[in-house]
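Please read the structure below before turning to the comments.
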There are 2 protein chains.
Amino acid sequence: MRIGELATKTGVSVRALRYYEEQGLLSAARSSGGQRHYLDDAVDRVYLIQMLYAAGLSSRTILDLLPCVDAKVNTPQSRAMLRAERDRIDRQITQLRQARKRLDEVIALSESPASGCTRTDTNAVRQRTTVW
Amino acid sequence: MRIGELATKTGVSVRALRYYEEQGLLSAARSSGGQRHYLDDAVDRVYLIQMLYAAGLSSRTILDLLPCVDAKVNTPQSRAMLRAERDRIDRQITQLRQARKRLDEVIALSESPASGCTRTDTNAVRQRTTVW
DNA sequence: CTTGTCCCTCACATGAACGTCAGGTTTTAC
DNA sequence: GTAAAACCTGACGTTCATGTGAGGGACAAG
């Protein structure tokens, strides 16, 4: 599989895939002409990388974690790192939950009949069209 | 309260506070000499801003949300935006949970006795000191 | 053998939320 | 009234994961 196909399959840009390789996160064989060729499992690897990026990990951290995921490294240090990242994600979830709660409160207030939403609606929409 | 005190109280840098003002998120009165003066409730406002930043919202989005939080704007559009952001946070939490689950699996594997962790430990630590 | 499509390597650009330094003013404390 | 501390406005620097050409090979189809 060449880079364009991998990009299509994963929904990740070609540029991003090259960047992953540059960061040491994704390896590829090269054809005689220098073009990258990937195995089928590269798709899953890309998904994993994306998942970890989405979890707020940096390239560097992912680079450190991947050997553990591949079960190639298993030391007290690596296990501590895994737990540290997991705890970071935990804290991030807690923060997100707080923010969601805050938004829910605002939503509840804005949707309660007492906030006079209907009257506010029609007026505000007419008067502030450009804002929204 | 001047900017330095607000920075100390909130743990946010002076530069960040000026940035918030530049983005329209935080307002301040000015002394005759041009220095910013904040009311006590600015502390809570800064905490709120930080919370929303932590939830992954951009300055622009926060700028749009704040009037709703302050209950100054309440239109169908604004309520839709609130719900949209809430749902975005929801999806982000889901993603984070997936990533955490994945890490937990790796952790479980690396800590299971079957992975031969003790032998791997001592060897790996001695052989790969520079890596870690 | 050519054409079109895909791919290559630089290498500079981008956006967000600040950090940091310069050069100058204001406020506070003695 | 003077010096230190805090503050002001630019304005350029930083980090990260890409976007975006430029200029030039690689490869399948006809």
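The values are calculated or read from the model by the stated rules, or taken from the named source; none is laboratory data. Please read all numbers here as calculations on a predicted model, not as lab measurements. We place every Cβ from the backbone using ideal geometry, glycine too, and count neighbours over all the protein chains shown. For accessibility, only protein heavy atoms count, side chains too; no ligands or nucleic acids. Shrake-Rupley method; radii C 1.70, N 1.55, O 1.52, S 1.80 Å.
Take residue A:95, push a point 7 Å out from Cα through the beta-carbon direction, and compare it with the same point in every other copy: 1.5 nm, smallest first. Computed from phi, the 3J(HN,Hα) profile of the stretch A:20-32 under the Karplus parametrisation 6.51, -1.76, 1.60 (θ = phi - 60°) reads 4, 5, 4, 7, x, 8, 9, 10, 9, 6, 10, 6, 4 Hz, with x in place of Gly and Pro. The phi-based Karplus calculation (6.51 cos²θ - 1.76 cosθ + 1.60; θ = phi - 60°) puts the 3J(HN,Hα) values of the stretch A:88-93 at 4, 4, 4, 5, 5, 4 Hz, whole numbers, x for Gly and Pro.
Can you give me the Rg/Rh ratio for chain A, using Cα atoms for both radii and the Kirkwood formula for Rh? Present the calculation step by step, with values, prior to reporting the outcome.
Numbers: Rg = 23.2 Å, Rh = 18.9 Å.
Across chain A, the Cα-based Rg/Rh ratio is 1.23.
This model, with +1 at the C-beta of Lys and Arg and -1 at the C-beta of Asp and Glu, gives the stretch A:1-55 a dipole about its Cα centre of some 200 debye. If only the Cβ of Lys and Arg carry +1 and only the Cβ of Asp and Glu carry -1, the dipole of chain A around its Cα centre is close to 300 debye. Mean partner shielding of peptide A:93-99, defined as the number of other chain Cβ atoms within 10 Å of each residue Cβ, is 6.
Using the Karplus relation 6.51 cos²θ - 1.76 cosθ + 1.60 with θ = phi - 60°, the per-residue 3J(HN,Hα) values for the stretch B:62-67 come to 4, 4, 6, 7, 3, x Hz, with x marking Gly and Pro. Report D for the stretch B:1-56 in µm² per second (integer): Stokes-Einstein, Kirkwood Rh on Cα pairs, 4 °C, 1.567 mPa s. Result for D is 115 µm²/s.
Find out how many positive minus negative residues lie around residue A:30, taking Lys and Arg as positive, Asp and Glu as negative, among other residues whose Cβ is under 14 Å from that of residue A:30. Mind showing how you got there, number by number?
On the way: positive: A:2, A:18, A:36; negative: A:21.
Value of the local net charge: +2.
The contact between chain A and chain B removes approximately 4300 Å² from the accessible area (both sides summed; 1.4 Å probe; ligands, DNA and RNA excluded).
At a Förster distance of 35 Å, what's the computed FRET efficiency of residue B:40 paired with residue A:18, Cβ-Cβ distance as r, to 0.05? Don't skip to the end; give the middle numbers.
Details: r = 52 Å, r/R0 = 1.47.
Approximately 0.10, to the nearest 0.05.
Divide the volume of the convex hull around the Cα atoms of the protein assembly as shown by the residue count and you get 221 Å³ per residue. The accessible surface of chain B, taken with every protein chain in place and a 1.4 Å probe, is 50 percent carbon and sulfur.
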